[in-house]
Amino acid sequence: IHVVWESGRGGTLGTVSDPTTVMYAVSYNRGETWSQPLTITNETSERARNITIGQDGAGNIVMAWWGLPEDLVYYQVSADNGLSWSKPAQIPNVWGVWFVYTSRLDTYSMATDSAGYLHLVMVGRTAAAETTMRLLHLIWDGSTWSFPEAIVSYQGDAPEWPRVAVSNGNQLNVVWFVRGEDFIWSAGGEAYKVWYSSKK
């Protein structure tokens, strides 16, 4: 069992306060005992968020996470079931959204299809100076990441909390919700909309 999470102070409204880190732990006996938690970081990141983890068709464990303040997305791979990890590497052609939207309420999501491809869904940007926030889909084929595909794009409105699941072997199902630009922090929950999209 492989588990990742954000670590920081607080926890109010589902978020933790800076400085935040992301952590990893593994159990090889169905949760009876756990490894010592491992802090996931690199030399350029003062803090990290939005970690997610998955397994590709070759059995490699892959984690992806958001590094700040550089606003880049990194990944690491383990070929030995979590005993060791590759050095953090940048996922190409994607950036986070801290440049335009400093929310702490978000996460990334992964799922594997029947062909062994690992799918990452995240909110991000496709250029460093871009102000459009996009719900992005990327595919890990076991060695490289695909170019990001925009499921939907928003200017002003803020998409958050995507989740991806696979059905019938190869159908991707994605859900997320959107904070409208005019009431990002001021409206009650009834003002937010939840959206769904699918693709084979």
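Read the figures in this text as sums done on the coordinates, not as results from a lab. A quick note: this is a predicted structure, and the numbers were derived from the prediction, not measured. Neighbour counts are summed over all protein chains in view; Cβ atoms, including those assigned to glycine, are modelled from backbone coordinates with ideal geometry.
Just grab the label-to-label distance for ALA89 and ILE1, each label 7 Å out from Cα along the Cβ direction, in nm (one decimal).
3.1
So what J values fall out for region 108-121 if you push phi through Karplus, 6.51 cos²θ - 1.76 cosθ + 1.60 with θ = phi - 60°, rounded to Hz, Gly and Pro as x?
10, 8, 10, 7, 10, 8, 5, 8, x, 7, 9, 9, 10, 10
Please go through region 1-86 and write out the trypsin sites (Lys or Arg not before Pro) that DSSP classes as loop and that have at most 10 other C-beta atoms within 10 Å.
In loop regions of region 1-86 (DSSP not H, G, I, E or B), the sparsely surrounded trypsin sites (Lys or Arg not before Pro) are ARG30.
For the chain, which longest stretch is free of loop sites, where a loop site is one of the GluC sites (Glu not before Pro) that DSSP puts outside H, G, I, E and B and that has at most 11 other Cβ atoms within 10 Å?
Counting only loop sites that pass the neighbour cut-off, the longest clear stretch is 44-200.
So how much slack lies between ASP182 and THR33, counting 0.36 nm per residue of separation and subtracting their Cα-Cα distance, in nm?
Contour length minus the Cα-Cα distance gives 48.9 nm.
Just going by the charge dipole of the chain, with Lys and Arg at +1 and Asp and Glu at -1 on Cβ, which of PHE147, PRO162, ALA115 is farthest out on the positive end?
ALA115
Please compute the contact order of region 12-146 in relative form: average sequence separation of alpha-carbon pairs under 8 Å and at least six residues apart, divided by the residue count, as a percent. Mind dumping the intermediate values first?
On the way: 269 pairs, mean separation 24.5, N = 135.
It comes to 18 percent, rounded to a whole number.
Can you tell me how much longer the chain between ALA128 and ASP157 gets when fully stretched, taken as 0.36 nm per residue apart minus their C-alpha distance, in nm with one decimal?
8.6 nm
At a Förster distance of 22 Å, what's the computed FRET efficiency of ALA191 paired with ALA150, Cβ-Cβ distance as r, to 0.05?
On the way: r = 24 Å, r/R0 = 1.11.
After rounding to 0.05, the efficiency reads 0.35.
Taking the Kirkwood radius as the inverse of the mean 1/r across Cα pairs, report the Rg/Rh of the chain.
0.95
Roughly how many debye, to the nearest 20, is the charge dipole of the chain about its Cα centre, given +1 on each Lys and Arg Cβ, -1 on each Asp and Glu Cβ, and no other charges?
Numbers: 13 positive and 19 negative charges, 55 e Å.
Charge dipole, the chain, about its Cα centre: 260 debye, nearest 20.
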